[in-house]
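This report refers to the structure that appears directly beneath it.
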Amino acid sequence: LKFIFGPSAVPALDLVDQRSVTRVVAPSGRIAYQVLGSSGKLYTCYSSCHFCTCPAFGFTVLQKSESLLCKHILAVYLSQAMGACQELTVSEEQLTSILLAEEEDEG
């Protein structure tokens, strides 16, 4: 994993070990993932479009194209593969609030 994903591999595995990945599901079937980062901040990830709200994703992946993903996205993929995601079912309104809260944090 470290050969393919570089420095994100070990921290991502740590997040999986700590069960930091939560799959958030709404009745409509919309899914987002929340990852509790090592800094204690909660990041929202979308595996369907390969996106994370963390600063490292914006800088390292989007701006500089130095990496394929951040440790949070990798932790989501590893958790999915290992069946290690926590599961949280929320209403459509709650999911919207989660998504809008991230947008406000960025703005």
Name the residues in the stretch 8-34 that are free of Cβ contacts under 8 Å to residues at least 40 places away in the same chain and either open to solvent by 50 Å² or more (accessible area, probe 1.4 Å) or β-branched (Val, Ile, Thr) (or both), would you?
10, 14, 17, 18, 31
Would you mind finding the one in 92, 66, 87, 104 that is at pLDDT 90 or above, out of contact with any strand residue (DSSP E or B) (no Cβ under 9 Å at 6 or more places or on another chain) and acidic (Asp, Glu)?
92
Extreme residue, nearest to residue 95 (Cα to Cα), among residues of the stretch 35-75 that are surrounded by fewer than 15 Cβ atoms within 10 Å (Cβ to Cβ) and among the charged types (D, E, K, R)
41
Which members of the stretch 89-103 meet the condition of being within 14 Å of the chain's Cα centre (by Cα) and not β-branched (Val, Ile, Thr)?
99, 102
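The values are calculated or read from the model by the stated rules, or taken from the named source; none is laboratory data. As the structure is a computational prediction, the values presented were derived from the model and not from experiment. Quick reminder, even Gly has a Cβ in these numbers, built from the backbone with ideal geometry, and neighbours come from all protein chains shown. Accessible surface is based on the protein model in full, side chains and every heavy atom, while ligands, DNA and RNA are left aside. Shrake-Rupley method; radii C 1.70, N 1.55, O 1.52, S 1.80 Å.
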